[in-house]
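Structure record follows, encoded as structure tokens.
The values are calculated or read from the model by the stated rules, or taken from the named source; none is laboratory data. The structure presented is a predicted model; accordingly, all values stated were derived computationally and were not measured. Cβ placement follows ideal geometry from the backbone for every residue including glycine, while neighbour counts extend to all protein chains displayed. Just so you know, the surface numbers come from the protein's heavy atoms only, side chains and all, with ligands and any DNA or RNA stripped out. Shrake-Rupley method; radii C 1.70, N 1.55, O 1.52, S 1.80 Å.
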Amino acid sequence: MPAKNPDQDLLFKGLAITLIGAAILLGPYVARSPAVQELLTGARVVGWFALVLGVALLGRYGLRRTRG
């Protein structure tokens, strides 16, 4: 089994975490159930943390790509 490329792994993790954060932050506006809206509104801090972490990982990936 070939070893995984660390850059591709970083890209995948960054995209996945960014999408999770965006989904948590946008969820209250899309959800139809008031209970789900309230739940996702309460998880806003987690959504921001995931979004910032994902963007940081994508930034790290971009720095690795530009440095060669």
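Among the residues of the range 42-68, those identified as more than 13 Å from residue 14 (Cα to Cα), open to solvent by 100 Å² or more (accessible area, probe 1.4 Å) and at pLDDT 95 or above are 45, 48. Residue check: is residue 39 part of a helix (DSSP H, G or I), open to solvent by less than 70 Å² (accessible area, probe 1.4 Å) and either modelled with pLDDT under 90 or out of contact with any strand residue (DSSP E or B) (no Cβ under 6 Å at 6 or more places or on another chain) (or both)? So residue 39 does not fit the description; no.
Return yes or no: is residue 31 of a type outside the set (Lys, Arg) and exposed (fewer than 15 other Cβ atoms within 10 Å of the Cβ)? Against the criterion (of a type outside the set (Lys, Arg) and exposed (fewer than 15 other Cβ atoms within 10 Å of the Cβ)), residue 31 does not qualify.
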